[in-house]
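The structure under discussion appears below in the form of structure tokens.
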Amino acid sequence: MEENLAAFARTHDPDRFLCALFAPPPRRDALFALIAYNHELARAREAASTPLLALIRLQWWRDALAEAAQGAPPRRHQVAGPLHAAIIAGRLDPDELTAMADAREAEAAEDGIPSRAAFESYLRASAGGFALTAGRLLGAAPALLPALQAAGAAYGAAGVLRSTALLAAAGRCLLPADALAAAGLDPAAAIAQPDAPALRPVVAQLAAEALQRAETAGRALRGGLGGAVAAGLPLVLARRDLARLARGAPLPARRGLGDRLAVSLAGLRGRL
């Protein structure tokens, strides 16, 4: 089961898969299940032809979590089965997993994300919720969990900002409307012209703001995660991506050797 989940995670979320390799082996199966579950949540809107269908997909996962919490048999699904096992074993908290599903409803909102505050809340609950749950799974000290959540949110911000054009191609925009409005834009304009010169300063500013939060989180976590370092390793990639985006530099479509080496070095050292 772990081997299948590992392959799933490697295919669909290679960043977090690489980070997971630095987790203690007894915890990796649950961490792979968490990665796979997070991917399924991200797919809810990507794979749905309408926002309503995305919400139905998210509800399916909430129902599966509730059944696991009640001790009901697992659903027949490649990811739901291992996720159910991790919940039954006490490795993953169904309430935290449900909060991750709730956060993804912002991606299905007809009017997009209205403000920077809403954008940050979405990131803290989605990618930040992943990092929080991973940290708890790996035994991070409770005092470090808020910083881990902030680190995860920074990684989520980098993911949204580096995917602006891909999201636009799918008719979607996750940039906060107030940041767009300050540049004389709206979500429809960002979708129609994702490479417009007026959009670049918006992305750069949001990246600079997220980078500041990433650096604050990194200082709080430096040297303190120990065996839970895998939960914080996505921050290494977030800082690299956000620094480039803040400078207006293009990001490659695929991770390069430098990114992988940076993660591996931090994982081997056990320090962010």
Original post:
Hey, what do the phi angles of region 122-138 turn into as Karplus ³J(HN,Hα) couplings, whole Hz, using 6.51/-1.76/1.60 and θ = phi - 60°, x for Gly and Pro?
Top reply: 4, 5, 5, 7, 8, 5, x, x, 4, 5, 4, 5, 5, x, 5, 4, 8
Original post:
Using the beta-carbon distance between residue 141 and residue 102 and R0 = 41 Å, what value does 1/(1 + (r/R0)^6) give for FRET efficiency, to the nearest 0.05?
Top reply: 0.95
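Evaluate E = 1/(1 + (r/R0)^6) for residue 170 and residue 253, where r is the Cβ-Cβ distance and R0 equals 22 Å; express this FRET efficiency to the nearest 0.05.
That gives a FRET efficiency of 0.85.
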Subject >> Ascending count of other beta-carbon atoms within 10 Å, so fewest first, for 245, 52, 21 >> reply: 52, 21, 245
**OP:** Would you mind classifying region 154-208 by shape? Square roots of the alpha carbon gyration tensor eigenvalues, ordered a ≥ b ≥ c; an a/c under 1.5 is rounded, otherwise it is prolate if a/b is larger than b/c and oblate if not.
**Re:** oblate
Subject >> region 206-222 versus region 250-264: alpha-carbon centroid distance in Å >> reply: 19 Å
Original post:
Based on the Cβ-Cβ distance from residue 95 to residue 56, what FRET efficiency comes out when R0 is 22 Å, to the nearest 0.05?
Top reply: 0.55
**OP:** Starting from the Cα gyration tensor of region 14-153, take the square roots of the eigenvalues, sort them a ≥ b ≥ c, and report rounded, prolate or oblate (rounded when a/c is under 1.5, otherwise prolate if a/b is larger than b/c, else oblate).
**Re:** oblate
Subject >> Computed [θ] at 222 nm, deg cm²/dmol, the chain (DSSP H ≥ 4; -39,500 (n - 2.57); rounded to nearest 500) >> reply: -21000 deg cm²/dmol
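Work out how much length residue 182 to residue 118 would gain on full extension: take 0.36 nm times their residue separation and subtract the Cα-Cα distance, in nm to one decimal. Can you show the working numbers first?
Values: separation 64, 0.36 × 64 = 23.04 nm, distance 1.60 nm.
Difference between extended and current length: 21.4 nm.
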**OP:** Per residue of region 17-34, in order, report the coupling 6.51 cos²θ - 1.76 cosθ + 1.60 (Karplus, θ = phi - 60°) as ³J(HN,Hα) in whole Hz, putting x for Gly and Pro.
**Re:** 4, 4, 4, 5, 5, 9, 7, x, x, x, 9, 5, 4, 5, 5, 5, 5, 5
**OP:** Calculate one ³J(HN,Hα) per residue across region 89-99 by plugging θ = phi - 60° into the Karplus curve 6.51 cos²θ - 1.76 cosθ + 1.60, and present them in order as whole Hz with x for glycine and proline.
**Re:** 6, x, 7, 10, 8, x, 5, 5, 5, 5, 4
Subject >> Length added when fully stretched, residue 265-residue 193, from 0.36 nm per residue minus Cα-Cα >> reply: 22.1 nm
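Readers should treat all values here as calculations from the given coordinates under stated rules, not as data from a laboratory. Keep in mind that what you see is a predicted model, and the values were worked out from it rather than measured. Don't worry about glycine lacking a Cβ; one is built from the backbone with ideal geometry, like all the others, and counts go over all protein chains shown.
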